[in-house]
Amino acid sequence: MESTLHSILQDKHEALYTVSPDAKVQEAVNVMTESSVGCVLIMNHGRLEGVFTERDLMCRVVYAGRDPHRTPIREVMTTEIATVSPGITVAEAMTLCTQKRLRHLPVYEDDTLLGIVSAGDLTKWGVRDQQHTIEDLIKYIYGERA
């Protein structure tokens, strides 16, 4: 049986890092840097309005010559967000990230935000799953002594 995003979220035990749409870019950068994350969620009264990523910072702020202390995050956040359910498989999530060039997937169950899964999380899970498969095949081929 293939792993789902629910499994990844259970394994992560990670807080969600958020700022409001009225926050300045510098506030989001501070949260990202202090928390060692590449993305913050832009939440407005419990509703996801966007995400702000390292790529947004580079392309929409630094490259554009905008002042991070004065620029509201709402002007430079990514608003086209793909959200997923916890029941989709890791393979399906990897395909979505590849096809849409996404690095972060907010995971919702009904109207409840459960967490966010990154492309790195998916890759780590996929590698670990492949390693287990290899170990199982070695045991099958050579017996339990391998």
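The values are calculated or read from the model by the stated rules, or taken from the named source; none is laboratory data. On a predicted model such as this, the values are computed, not experimentally measured, just so you know. Virtual Cβ from ideal backbone geometry, glycine too; neighbours counted across all protein chains shown. Side chains included, ligands, DNA and RNA excluded: accessible areas come from the protein's heavy atoms. Shrake-Rupley method; radii C 1.70, N 1.55, O 1.52, S 1.80 Å.
Within the stretch 84-93, which residues are crowded, with 17+ Cβ neighbours inside 10 Å and in contact with a Gly (Cβ under 9 Å, 6 or more places away or on another chain)?
PRO86, VAL90
Identify the residue in the stretch 12-31 that is without any contact (Cβ under 8 Å) to a residue 24 or more places away in the chain and under 30 Å from ARG128 (Cβ atoms) and, among all such residues, is most open to solvent (accessible area, probe 1.4 Å).
If we filter the stretch 12-31 for residues that are without any contact (Cβ under 8 Å) to a residue 24 or more places away in the chain, which is where we start, we get 13, 15, 30-31.
Applying the additional criterion that residues be under 30 Å from ARG128 (Cβ atoms) yields 13, 15, 31.
Working: HIS13: 161, ALA15: 58, VAL31: 33 Å².
Looking at residues that are without any contact (Cβ under 8 Å) to a residue 24 or more places away in the chain and under 30 Å from ARG128 (Cβ atoms), I get HIS13.
If the requirement is being within 17 Å of PRO21 (Cβ to Cβ), basic (Lys, Arg), open to solvent by 90 Å² or more (accessible area, probe 1.4 Å) and in contact (Cβ under 8 Å) with a residue 24 or more places away in the chain, which of these qualifies: ARG66, ARG103, ARG74? Write out each step before concluding.
Numbers: ARG66 fails: open to solvent by 90 Å² or more (accessible area, probe 1.4 Å); ARG103 fails: within 17 Å of PRO21 (Cβ to Cβ).
Testing whether each residue is within 17 Å of PRO21 (Cβ to Cβ), basic (Lys, Arg), open to solvent by 90 Å² or more (accessible area, probe 1.4 Å) and in contact (Cβ under 8 Å) with a residue 24 or more places away in the chain leaves just ARG74.
I'd like to verify a number: residues in the stretch 49-63 that are open to solvent by 30 Å² or more (accessible area, probe 1.4 Å), in a helix (DSSP H, G or I) and charged (D, E, K, R), how many?
Within the stretch 49-63, the subset open to solvent by 30 Å² or more (accessible area, probe 1.4 Å) is 49, 54-55, 57-60, 62-63.
With in a helix (DSSP H, G or I) added as a condition, the list becomes 54-55, 57-60, 62.
When the remaining residues are screened for being charged (D, E, K, R), the result is 54-55, 60.
Summing the residues that are open to solvent by 30 Å² or more (accessible area, probe 1.4 Å), in a helix (DSSP H, G or I) and charged (D, E, K, R) in the stretch 49-63 gives 3.
Would you mind finding the one in ILE81, ILE42 that is β-branched (Val, Ile, Thr), in a strand (DSSP E or B) and either touching a residue at least 40 places away in the same chain (Cβ under 8 Å) or open to solvent by less than 70 Å² (accessible area, probe 1.4 Å) (or both)? Please lay out each step first, then the result.
Working: ILE81 fails: in a strand (DSSP E or B).
The match here is ILE42.
Given the residues ASP121, ASP111, which is the only one that is acidic (Asp, Glu) and open to solvent by less than 80 Å² (accessible area, probe 1.4 Å)?
Working: ASP111 fails: open to solvent by less than 80 Å² (accessible area, probe 1.4 Å).
Residue meeting the stated conditions: ASP121.
Please pick out the residue among GLY120, GLY126, GLY50 that is at pLDDT below 90 and within 27 Å of GLN26 (Cβ to Cβ).
Working: GLY126 fails: within 27 Å of GLN26 (Cβ to Cβ); GLY50 fails: at pLDDT below 90.
Only one candidate qualifies: GLY120.
Among THR79, THR89, which is the only one that is modelled with pLDDT of 90 or more, among the hydroxyl-bearing types (Ser, Thr, Tyr) and under 30 Å from PRO21 (Cβ atoms)?
Values: THR89 fails: under 30 Å from PRO21 (Cβ atoms).
The match here is THR79.
How many residues does the stretch 1-43 contain that are farther than 17 Å from GLY115 by Cβ, in contact with a strand residue (DSSP E or B) (Cβ under 9 Å, 6 or more places away or on another chain) and either modelled with pLDDT under 95 or among the basic types (Lys, Arg) (or both)?
Residues in the stretch 1-43 being farther than 17 Å from GLY115 by Cβ, in contact with a strand residue (DSSP E or B) (Cβ under 9 Å, 6 or more places away or on another chain) and either modelled with pLDDT under 95 or among the basic types (Lys, Arg) (or both): 2 in total.
Kindly list the number of the only condition in (1) under 20 Å from SER7 (Cα atoms); (2) open to solvent by 50 Å² or more (accessible area, probe 1.4 Å); (3) modelled with pLDDT of 85 or more; (4) polar (S, T, N, Q) that fails for THR98.
(1)
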